[in-house]
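A short write-up of the structure that comes next.
Any read-out appearing in this document is the output of simple, stated calculations on the displayed coordinates, not a laboratory observation. As the structure is a computational prediction, the values presented were derived from the model and not from experiment. Cβ coordinates were reconstructed from backbone atoms using ideal geometry, including for glycine residues, and neighbour counts include every protein chain displayed.
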Amino acid sequence: MLVVEDNDEVRALLRQALRSAGFEVDEVSNGEDALQRIADRLYDAVILDIGLPVMDGVSVLENWRRDGRKMPVLILTARDRWSDQVAGFDAGADDYVAKPFHMEEVLAKVRIQIQLQVHKRQLKQQVLELRQAKEAAEEAR
Ligand code: CA
């Protein structure tokens, strides 16, 4: 998974916790690098800080969604900035955690998003198989 956070301390905490939980973690500290990483490889999930220098997290997220990138994105927002949460959801965030956060909350929400992603993929596959079965039945008639 990818962690995008400009605060070194918070980024290190996230990295340690996610690695301990068994995730492979890449990390970047600004929006430009985040765009580059997502262009280079596929991630199961992204943790994206909204308050980033130069290019903020909402712009980064808008960019990804415009390019058709569908990985789950959990945004980090300041506790008193509810408007950031709204802007984040409008830009295509799947969930948010407000700072200061409990690491367990982040881990739980990441797991939920990854599970949801797996379920979505399975559903898509089932729809595809049903469609194929229907076509085969119609041809056999
Ligand atoms: Ca920040």
Under 25 Å from the Cα of Lys124 - lysines, other chains or at least 8 residues apart: Lys70, Lys109, Lys134
Kyte-Doolittle mean at least -1.0, axial Cα span of 20 Å or more - DSSP H helices of the chain: 103-140
Sorted by Cβ neighbour density within 10 Å, fewest at the top, the residues Leu2, Leu35: Leu35, Leu2
Full-extension gain in nm, Leu128 to Leu116, via 0.36 nm per residue minus C-alpha separation: 2.5 nm
Value of relative contact order over region 7-74, rounded to a whole percent, pairs C-alpha under 8 Å and six or more apart: 30
